[in-house]
Amino acid sequence: MSDIIKILPIDVSNKIAAGEVVQRPSSVLKELIENSIDADSTKIQIIIKDAGKNLIQVIDNGKGMSKNDMHLSFVKHATSKIVKIEDVFSISSMGFRGEALASIASVSMVEMESINKKENGNYIEIQGGELVSERESNIQEGTSIKIKSIFYNVPARRAFLKSDFVELRHILDVFHRLAISHPKIEFSFINNEEEIFYLKPQSLNKRIISIFGEKIRENLIPITESTQIANISGYVLKPEFSKKSRNNQFIFVNSRYIKSQFISHSISSSYEGLLKDGYHPGYFLFIDIDPSKIDVNVHPNKTEIKFDDDQNLYSIINSSVKHCLGIYQVSPVLDFEKNPSMDISYNQIKSQPVNPSIEINSDFNPFEIFNHSEAKKVHEDFSDFNKDLELEVGDNKHSKIFQILNKFIISTNKSSLIIINQNLAHQRILYESFLKSIFDNTINSQKLIFPIELKLSKKQLLLYDKINDDFNSIGFDISIKKDLMIVKSVPYGIEKSDVEEVVENMLNEDFNISNDLSTSDFFAKRLSKITSIKSGQKLNLDEQEYIVNHLFSCKEPNLSPDNKQIFITLSKNDIEKKFNG
Ligand code: ADP
Ligand code: MG
């Protein structure tokens, strides 16, 4: 008897986190590849058409299924992976809910072929959850499953699928995560008839390089740590390779890709002092932990995990990352002057974020940071500023400005003190001017004397292909030669050193290309974010004045393009209240 699938008893299925697993083509692909991995396949082929909207096919050489099991596999709560709820706590397979195929089949057209050692091969065809045909098949090994026309019978959901650019990016993300966590499996990925990836069985670092390209090689720092609680392995990326996006962050627990704020935080804080403001480290971190010490039954998509001992895990990860960064001599010198109260305590990481409030540091002495003549000047500004605050509404002649903490510009207006976030203010100014030039069709392009050559990963190449017209319409002049992107002109305002960042960011955004308005808005936002003056940058008086004057001639000076508050005001009353309670 080679049937192995059983329907879970009601009391077991009721305890399993339920919910919709089929959100988009990439979620289907994830479930299918996970099934192939669970079937002990050593070779998996993926065939995608039209970003998965018309075909997602996965062919494996795993253990296959009997005819009976092929039928059962599409029944809700039918699984060969657990029989009782306790099994979930010792789970080593990717799946266990017995729901994926049933949900997928109910919203698409499915063809499955499979062969089990003891039987001939079989073929079954299912539409909208109903069996429509079956016959013998001459399939030689494993299982092949085709999902055609996802959501064909749920038009509202089909209409909600995003552009091919966005759906393909999700598909590639899913593929990357599974291929990285299973480097010993051979993968081939065919997109619209073209083989995009062929990955032979290899070591983890070779797998990472095959996917992300050669340029990542010299940035990989190995990490290994064995403790009673967990074993940590994988690679972290050198601080120089940090990005403004969090794209290069991969956490796997027992080979399962997961998202975890506290683990990400633990890793990022190990990099403290090594990264520029707004940059995020990259890593491929593998945590191996006793399955009984975690709970994967938190969410149907299984990317969330609960850990029994998260406090200790936090410190273990934090110190192992610091340790390996230290070994590679990229760790910061210990800063004994650092105020420990600036550290975010572990408890706060878990709490809900609250809107930041402004705290006045009564010990702050602005003269400390300047030399004597500067100090004198600031002192004069301060007296003027005091004068301003004494003035009645209506008199604005003595407005003076200065910068503090290399982050904020202090200015006065009538009887108020204004504290402006320089970065957000500049984003707003640039955003409005970019939008204006996009709409007026006046994007000024600057020709680069030396074109910039960027090596793109396969994912980036595939995605660029879908939005190259948009790039060129905003002032880029770009051509592609094999895996090289050659940038000959860039929109005015973009520094040469920003080009790589701009390109990478553009390829990372969830924007719908069919919609002109959101495309321009997206480009304007992105460009303004990337090219703006950053926090931490010292500004001279002209620059400070430029920011203040231009900010207040914007259409919407209060909010940044991402809707963050740009400045706060303290009125005379507010200030007096602070003193008198
Ligand atoms: P789960 O993976 O949670 O058990 P699924 O609905 O994904 O639920 O799959 C149902 C069952 O079908 C699995 O338990 C497995 O026995 C069988 N199955 C699915 N895909 C394959 C495959 N590629 N090879 C062998 N068996 C498979
Ligand atoms: Mg499954």
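The values are calculated or read from the model by the stated rules, or taken from the named source; none is laboratory data. What you are looking at is a predicted structure, and each value in this text was computed from that prediction instead of being measured. Cβ coordinates were reconstructed from backbone atoms using ideal geometry, including for glycine residues, and neighbour counts include every protein chain displayed. Just so you know, the surface numbers come from the protein's heavy atoms only, side chains and all, with ligands and any DNA or RNA stripped out. Shrake-Rupley method; radii C 1.70, N 1.55, O 1.52, S 1.80 Å.
Determine the alpha carbon to alpha carbon distance for each of K259/K525; K53/K525; K118/K148; K200/K455; K215/K482 and list only those over 18 Å. Let's see the in-between values first.
Details: K259/K525 27 Å; K53/K525 29 Å; K118/K148 29 Å; K200/K455 22 Å; K215/K482 16 Å.
As for pairs spanning more than 18 Å Cα to Cα, those are K259/K525; K53/K525; K118/K148; K200/K455.
What ³J(HN,Hα) values, in whole Hz, does the Karplus curve 6.51 cos²θ - 1.76 cosθ + 1.60 give for the stretch 250-257 when θ = phi - 60°, with x put for Gly and Pro?
Taking θ as phi minus 60°, the curve returns 10, 10, 10, 10, 6, 6, 9, 5 Hz for the stretch 250-257.
Between S149 and S473, what is the label-point separation in nm under the 7 Å Cα-to-beta-carbon projection?
Once both label points are built, they end up 3.1 nm from each other.
With r as the distance between the Cβ atoms of S571 and E20 and R0 = 35 Å, compute the FRET efficiency 1/(1 + (r/R0)^6) and round to 0.05. Intermediate values should be presented prior to the final figure.
Values: r = 50 Å, r/R0 = 1.44.
Computed FRET efficiency for E20 and S571: 0.10.
First measure r as the distance between the Cβ atoms of E214 and I452, then evaluate 1/(1 + (r/R0)^6) with R0 = 22 Å and state the FRET efficiency to the nearest 0.05.
Details: r = 18 Å, r/R0 = 0.80.
The formula returns an efficiency of 0.80 here.
With labels modelled as points extended 7 Å from the Cα through the Cβ direction, what inter-label distance (nm, one decimal) is found for K184 paired with F439?
5.9
Counting only heavy atoms of the protein chains, get the accessible area per residue of the stretch 47-168 (1.4 Å probe) and round it to a whole Å² value. If you can, show how the numbers build up before the last one.
Numbers: 5310 Å² over 122 residues.
Accessible surface, normalised per residue, equals 43 Å².
Given N residues in the stretch 10-199, what is its alpha carbon radius of gyration divided by 2.2 N^0.38 Å?
Numbers: Rg = 15.9 Å, N = 190, 2.2 N^0.38 = 16.2 Å.
Dividing the Cα radius of gyration by 2.2 N^0.38 Å gives 0.98.
Solvent-accessible area per residue for the stretch 387-581 at a 1.4 Å probe radius, Å²? Working shown, then result.
On the way: 10450 Å² over 195 residues.
I get 54 Å² per residue for this part.
What does the convex hull of the Cα atoms come to per residue for the stretch 118-191, in Å³? Provide the component values of the computation, followed by the final result.
Details: hull volume 10.5 nm³, N = 74.
Value for the stretch 118-191: 143 Å³ per residue.
Between the stretch 163-187 and the stretch 11-55, how far is it from one alpha carbon centroid to the other, in angstrom?
Spelled out, the Cα-based centre of one part sits 12 Å from the other.
Summarise the accessible area of the stretch 10-199 (1.4 Å probe, protein heavy atoms) by the percent that is carbon and sulfur.
Working: 3810 of 7820 Å².
In the stretch 10-199, the share of accessible area belonging to carbon and sulfur is 49 percent.
Subtracting the Cα-Cα distance from 0.36 nm times the residue separation, let me have the gained length for Y546 to L55 in nm, one decimal.
Values: separation 491, 0.36 × 491 = 176.76 nm, distance 5.39 nm.
171.4 nm is the gain from fully extending Y546 to L55.
Rounding to the nearest 20 debye, state how big the charge dipole of the stretch 206-327 is about its Cα centre with +1 on each Lys and Arg Cβ and -1 on each Asp and Glu Cβ. Show your work: numbers first, answer last.
On the way: 15 positive and 13 negative charges, 114 e Å.
The calculated dipole for the stretch 206-327 is roughly 540 debye.
Run the quick spin-label model on D308 and N120: label points 7 Å from Cα toward the beta carbon, then report their separation in nm to one decimal.
5.1
Rounded to the nearest percent, how much of the accessible area of the stretch 414-470 (1.4 Å probe, protein heavy atoms only) is carbon and sulfur? Display every interim value, and only then the final one.
Working: 1420 of 2840 Å².
Carbon and sulfur together cover 50 percent of it.
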